[in-house]
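Visitor: The structure's right below; bear with me while I get my questions together.
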């Protein structure tokens, strides 16, 4: 998506929320969300993501800052006057109403809509969620996934400019949750709606989102696409929060337009990158490696220099976690570090490293993550 050519649907400017007890839940957040995006706010408990979502919905008033939706400042606009619908974690379906009645409920509150318009919008929403054949069933007669789709259809029926999702899949079992991830994305793409979802589940956010905003301690640590966040995290927090990584302290030895060198006594090697980094010589910095990016081998690399190793660490296999299609090797280095390397078990009788084997861990320059905080 070319953000530069689009006007944001939602602009959050210096938004803060401090509760009466002094707790600063959201701290000077700035964020733009664009039309037709599936944007996820990802963070742990107490990170501020749910408070931010509630301010977007109008259920919490900001202490400072602005919320602009489709060019209009709605910071102090009540929920019912915002072009926003929110799907709650509990789905909040009326137990005495059937599926169709639940979807129609919000539409009936719109006095300007005629009966036939309400019917048409309801039927359209039922078709989108593929539940028109279950229109007369009550919520207790539906599965968890079906109840979730009804709650979503109720949001979609009013055709809001923005749909907010509060942990929408947390009540479902894992198999159904995996299935519903793709269904939600399909519905979002089919309708062209803009979704903002709150979740604590990294896999969920990575699978479903156009972009992700990672929150911690009330502020946004990094905002980018799932692949950008995974491959190029900006901080140790993000590198550890999304996926697994081994992180080392280092110092910048040299920086040029096409080459950068980071030395690390902790790792016992030099990290050489074929690119420029946003740092100066002698700056303290951190480097990270993903387990699947590290190649493990019993064979010593031809260019290995024990006095000045480059993108290579020697160690001893201390443990192996076999998981069928892949194995994760726990390798102890001379400096006492444990580094994890993941290798796919493609060949059944291959000569894989075993316990107590001396091995060499290597990685490509482009797979080094440079972490600035």
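Visitor: With respect to residue 66, determine if the residue is in contact with a strand residue (DSSP E or B) (Cβ under 7 Å, 6 or more places away or on another chain), under 27 Å from residue 35 (Cβ atoms) and at pLDDT 85 or above.
Guide: Against the criterion (in contact with a strand residue (DSSP E or B) (Cβ under 7 Å, 6 or more places away or on another chain), under 27 Å from residue 35 (Cβ atoms) and at pLDDT 85 or above), residue 66 qualifies.
Visitor: Moving to a separate point now. For region 236-258, how many residues meet the condition of being in contact (Cβ under 8 Å) with a residue 12 or more places away in the chain and either assigned to a helix (DSSP H, G or I) or in contact with a helix residue (DSSP H, G or I) (Cβ under 9 Å, 6 or more places away or on another chain) (or both)?
Guide: 11
Visitor: Kindly check whether there is at least one residue in region 109-124 that is in contact (Cβ under 8 Å) with a residue 40 or more places away in the chain, assigned by TED's automatic domain parsing to the domain that holds residue 21 and closer than 23 Å to residue 181 by Cα.
Guide: no
Visitor: Across region 264-276, which residue is nearest to residue 337 (Cα to Cα) among those that are out of contact with any helix residue (DSSP H, G or I) (no Cβ under 7 Å at 6 or more places or on another chain) and surrounded by fewer than 17 Cβ atoms within 10 Å (Cβ to Cβ)?
Guide: Looking at the filtered set, the residue picked out is 266.
Visitor: Answer yes or no as to whether residue 75 is closer than 18 Å to residue 211 by Cβ and more than 17 Å from the chain's Cα centre (by Cα).
Guide: The answer is no for residue 75.
Visitor: Additional query: Which ones in region 15-32 are more than 20 Å from the chain's Cα centre (by Cα) and either buried (at least 21 other Cβ atoms within 10 Å of the Cβ) or within 21 Å of residue 222 (Cβ to Cβ) (or both)?
Guide: 15, 16, 17, 24, 28
Visitor: Still on this structure, I have one more. Only strands (runs of 3 or more DSSP E) wholly contained in region 278-373 count here; list those with 3 or more residues that are exposed (fewer than 13 other Cβ atoms within 10 Å of the Cβ).
Guide: It comes to 312-322.
The values are calculated or read from the model by the stated rules, or taken from the named source; none is laboratory data. Not measured: the values here are computed from a predicted model. Backbone-built Cβ (ideal geometry, glycine too); neighbour counts: all protein chains shown.
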